[in-house]
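*Asks:* Would you mind keeping the following structure in view while I ask a few things?
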Amino acid sequence: MRRGVRIAVDPGSTRIGIALSDPSGMLATPVETVRRGDGDLDRIAELVLEHEAREIVVGYPASLSGEAGPAARRARSFAETLARRLAPVPVRLVDERMTTITAEEQLRSGASYGRRGARGGKARRSVVDQAAAVVLLQSALDAERQSGRPPGETVGSGA
């Protein structure tokens, strides 16, 4: 297992969930939700520098059949732009099918989910975005630990 912090980026149309791993690459934790648009790449770059990340994992929402639909094409384009911005830090596309669903299920089963304010609105969506990034990253870390190979595919300048 490679050592070093990895950052997961789960790009949505309006928000980007961010998670990071510990330096040993064992555990993913939520970091923040970044508003999509002006400054989003700058914020991700700040996080990469702040945490001295060795790699970025971007969620790739392939359809259940594995086809690249519109969301997958947008994610690839975002990952390529991010790779140019963050070079030489590698950016990898990793299959994220079902991460948001898994994150919502995990949040619903949590003790604080039913408290006032946790069920809806921006705050809940922000937490779901971060939780989806955690699911994505933990899945990538676990896959690497099992296979001995980095997950997904490298995009952009690191390819």
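*Asks:* Could you give the length gained on full extension between GLN146 and ARG74, defined as 0.36 nm per residue of separation minus the Cα-Cα distance, in nm? Can you show the working numbers first?
*Replies:* Numbers: separation 72, 0.36 × 72 = 25.92 nm, distance 2.91 nm.
Between GLN146 and ARG74, full extension yields an extra 23.0 nm.
*Asks:* Measure off, as a whole percent, the carbon and sulfur share of the 1.4 Å-probe accessible area of the range 5-84, all protein chains present.
*Replies:* Values: 2000 of 3790 Å².
Solvent-exposed carbon and sulfur of the range 5-84 make up 53 percent of the total.
The values are calculated or read from the model by the stated rules, or taken from the named source; none is laboratory data. Fair warning: this is a prediction, and the values are worked out from it, not measured in the lab. All accessible areas refer to the heavy atoms of the entire protein, side chains included, with ligands and DNA or RNA removed. Shrake-Rupley method; radii C 1.70, N 1.55, O 1.52, S 1.80 Å.
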